[in-house]
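The next block holds one structure in the form of structure tokens; read it before the comments.
Derivation of every value follows stated rules applied to the coordinates shown; laboratory data play no part. None of the values given here were measured: they were computed from a predicted structure. Every residue, glycine as well, gets a Cβ built from its backbone with ideal geometry; the counts of neighbours run over all protein chains shown.
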Amino acid sequence: MNPVEVHQGSSPVILGLPHTGTFVPEAVKARLNEQGRLLTDTDWHVHRLYDGLLDGVTTVRATFHRYLIDANRDPSGESLYPGQNTTGLVPLTDFDNRPIWREGEEPAAQDVAERLDAFHAPYHAALEAEIARVKALHGVAILYDCHSIRSHCPFLFEGQLPDFNIGTNHGATCAREIEQATLDVCAGADGFSSVLNGRFVGGWTTRHYGRPGTGVHGIQMELAQATHLQGEAVPFDYDEEKAARLRPHLKAILTRLSKIAPSLKGN
């Protein structure tokens, strides 16, 4: 199993897809408990949701599951949200704080090191290569990191999550024009709610690569799964009607970002 799938395009926009994969090696799967084997915290169908929205877009998708190792976490293991509930580089619990490993089968330091080499590093090597390629083509690259999460996760946040959750680490990871264009589309999406740098301000991928001064801009979109799934529980089926209402707004975001890109060269 290749840990990463890459589709190269000619657009200045790159879609990062770190959490849609479901591959777990059989030896590791045997160590997961019943709850863990449900793979509940997958970004279900997000790659399908974005498919075909922007001509020439590059996609970099992790095929492995975040319970194996999380491609959107700092490889050092440092927390993205110090002092707040979150899950780590190799999670021990799910988003409801339920253990996902069989007793005595929790990953050890050697497991983490092996998974970093076999899965996390190849994904980011591919992403780095595509950022460099796209930047060489356009003088700028915009990494749009695609995510989703259940709209109710009391362990991680109170109440109900907005539909569109835009993360730019408080404006540090991209040009203001990118942040504003994304916010404008979301704010104008009838029937949808949105927030900028709320509970989610961008994961490690967005923060690590998003360096506007170098011509590389990063922005994260965390979608509430209620916007495109039939239900936010097993079997997490895709909802065609919901997706049909959502996809035009996602298309509008990506289209605007691709049009903005030329004006960012040399900034």
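Gaussian network model of the chain, Cα springs within a sub-10 Å range: biggest mean-square fluctuation belongs to which of Leu257, Leu38, Leu68?
Taking springs between Cα atoms under 10 Å, the residue moving most is Leu38.
Just how large is the dipole of the chain about the Cα centre, in debye to the nearest 20, putting +1 at every Lys and Arg Cβ and -1 at every Asp and Glu Cβ?
For the chain, the charge dipole is close to 780 debye.
Considering only the other residues whose Cβ falls under 12 Å of the Cβ of Arg199, what net charge follows from Lys and Arg at +1 and Asp and Glu at -1?
Charge balance near Arg199 sits at -2.
Would you mind ranking Trp44, Trp101 by Cβ crowding within 10 Å, fewest neighbours first?
Trp101, Trp44
If the elastic network links every pair of Cα atoms under 10 Å, which of Arg66, Arg199, Arg98 fluctuates the most in the Gaussian network model of the chain?
Among Arg66, Arg199, Arg98, the largest mean-square fluctuation in the Gaussian network model of the chain belongs to Arg98.
Can you compute the modelled spin-label distance between Asp184 and Arg102, with each label point 7 Å from Cα toward Cβ, in nm?
About 5.6 nm, to one decimal.
Mind checking Rg over Rh on the range 1-123, alpha carbons, Kirkwood formula for Rh?
Expressed as Rg/Rh, it is 0.99.
On a 0 to 90 degree scale, rounded to 10, what angle separates helix 240-264 from the longest Cα axis of the chain?
So the helix axis and the longest Cα principal axis differ by about 50 degrees.
Tell me, Phe64, Phe200 in order of fewest to most beta-carbon neighbours within 10 Å?
Arranged by neighbour count, lowest to highest, Phe64, Phe200 become Phe200, Phe64.
With the crude spin-label approximation of a point 7 Å out along Cα→Cβ, what separation in nm comes out for Asp51 versus Ala125?
The two pseudo-label positions are separated by 2.8 nm.
Trp101's amide H: which non-local residues (gap 5+, or another chain) put their own amide H closer than 5 Å, with H modeled 1.01 Å from N in plane and none for Pro or chain starts?
The list, which skips near neighbours in sequence, is Asn33.
For Cys146, Cys174, Cys153, what ranking results if the residue with the fewest other Cβ atoms within 10 Å of its Cβ goes first?
In increasing order of surrounding Cβ atoms, one gets Cys153, Cys146, Cys174.
Subtract the Cα-Cα distance of His152 and Arg245 from 0.36 nm times their separation in residues, and report this length gain in nm to one decimal.
31.4 nm
With a ≥ b ≥ c taken as the square roots of the eigenvalues of the C-alpha gyration tensor of the range 83-133, please select rounded if a/c is under 1.5 and otherwise prolate if a/b is larger than b/c or oblate if it is not?
oblate
Taking the chain as the reference, fit the longest principal axis to its C-alpha atoms, fit the long axis of helix 176-187 to the helix C-alpha atoms, and give the angle between the two in degrees, 0 to 90, nearest 10.
The angle comes out near 70 degrees.
Net charge near Cys186: determine it from the other residues with C-beta under 14 Å of the C-beta of Cys186, scoring Lys and Arg +1 and Asp and Glu -1.
-1
Working from Cα positions, state the angle (0 to 90°, nearest 10) between the long axis of helix 121-138 and the longest principal axis of the chain.
0
With a 10 Å cut-off between alpha carbons and a GNM built on the chain, which of Val134, Val201, Val28 moves the most?
Val28
Could you tally the net charge around Leu38, taking each other residue with its Cβ under 12 Å from the Cβ of Leu38, Lys/Arg +1 and Asp/Glu -1?
Its environment carries a net charge of -1.
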